[in-house]
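The block underneath contains the structure these notes are about, expressed in structure tokens.
Just so it is clear, none of the values below were taken in a lab; they were calculated from the coordinates. Every value quoted in this text rests on a predicted model; they were computed, and no experiment measured them. For neighbour counting, all protein chains shown are included, and Cβ atoms are generated from backbone atoms with ideal geometry for every residue, glycine included.
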Amino acid sequence: MSIRSIRLAVLVSGRGSNLQAIVDAARAGRLQASVEVVVSDVADAPALARARAGGIPAAVVRRRDYPSRAEFELALAGAVERARPDLVVLAGFMRLLGPAFLDRFPGRVINIHPSLLPAFPGLEAQKQALEYGVRFTGCTVHYVDYGMDSGAIIDQRVVEVMPGDDGDSLSARILEQEHELLVDVIRRIGAQMKMDEKTGEETGKQMSGAISEGGCVRHGREQA
Ligand code: GRF
């Protein structure tokens with residue numbers, strides 16, 4: 001157990017730069033992780049090409065191919081489960097997930113969002129921040145619950161809004177931080193898993209218990 005990498009399933013809908021950051025960090029030895037599968041709900045997502053280029057199994061599960069949201073989520077969960085991941089990473093996956101998916105992976109699904117949650121959940125978080133006129137925004141990695149970007153926060157990075165920023169320039173600076181933060185959080189979750197000598201499933205259940213009791217959810221930030 002102590003020498004094994006954390007096994008990841010990464011869910012995507014679009015560009016896949018966060019997926020790429022994980023793959024690059026693993027390849028460079030900066031992250032002891034293996035991406036076991038990439039699953040997209042969008043058939044022509046550029047992220048799928050990145051997966052294929054990296055030799056990672058890729059699957060497409062589209063909402064429109066299933067009569068209900070629950071059936072779609074069960075198919076998605078099946079594609080993820082087959083890869084036996086310790087952790088499921090939503091990296092630009094643009095759908096809300098409900099119990100049919102999440103209850104299969106308690107405490108094991110994380111998401112990256114481009115704002116300092118709980119500010120600016122949902123779509124176009126960077127634009128929302130600009131329109132509100134905040135001086136600082138950033139990004140958040142959090143556990144996923146049934147709500148919209150509402151799960152327990154694991155860690156955040158702050159990004160200053162500069163005079164003259166537009167959506168593109170601000171998004172680009174936040175994205176740089178996203179890439180670092182996501183890799184860092186996965187590293188810490190993997191380290192925690194190894195320290196406890198537990199599987200991802202056991203660590204997730206323990207985490208899920210801590211979250212529902214309002215306990216601390218940070219992964220070894222102090223130890224890191
Ligand atoms: C990122 O800004 C992420 O925070 C948000 O969607 C975007 C995905 O970008 N959830 P990419 O597909 O990883 O390049």
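Looking at the chain alone, DSSP beta bridges between its own residues are antiparallel in about 40 percent of cases.
Taken one residue at a time, the phi angles of the stretch 177-190 give Karplus couplings (6.51, -1.76, 1.60, θ = phi - 60°) of 6, 4, 4, 5, 5, 4, 4, 5, 5, 4, 4, 5, 5, x Hz. Gly and Pro are set to x. Label reach from K127 (point 7 Å along Cα→C-beta): in the stretch 167-181, amide nitrogens under 20 Å belong to 167-176.
For the chain, what percent of Cα pairs sit more than 34 Å apart? Walk me through the numbers before you get to the answer.
Working: 2395 of 24976 pairs.
That tail contains 10 percent of the Cα-Cα pairs.
Using alpha carbon centroids, what distance separates the stretch 97-123 and the stretch 1-69, in Å? Measuring centre to centre over Cα atoms gives 17 Å. Among residues other than C139 whose Cβ falls under 12 Å from its Cβ, what is the net charge (Lys/Arg +1, Asp/Glu -1)? Taking every Cβ under 12 Å from that of C139, the sum is -4. Given a 10 angstrom Cα cut-off, can you work out which residue in L181, L31, L123 is the most mobile in a GNM of the chain? The residue with the greatest mean-square fluctuation here is L123. Working from Cα pairs under 8 Å separated by at least six residues, relative contact order for the chain is 20 percent.
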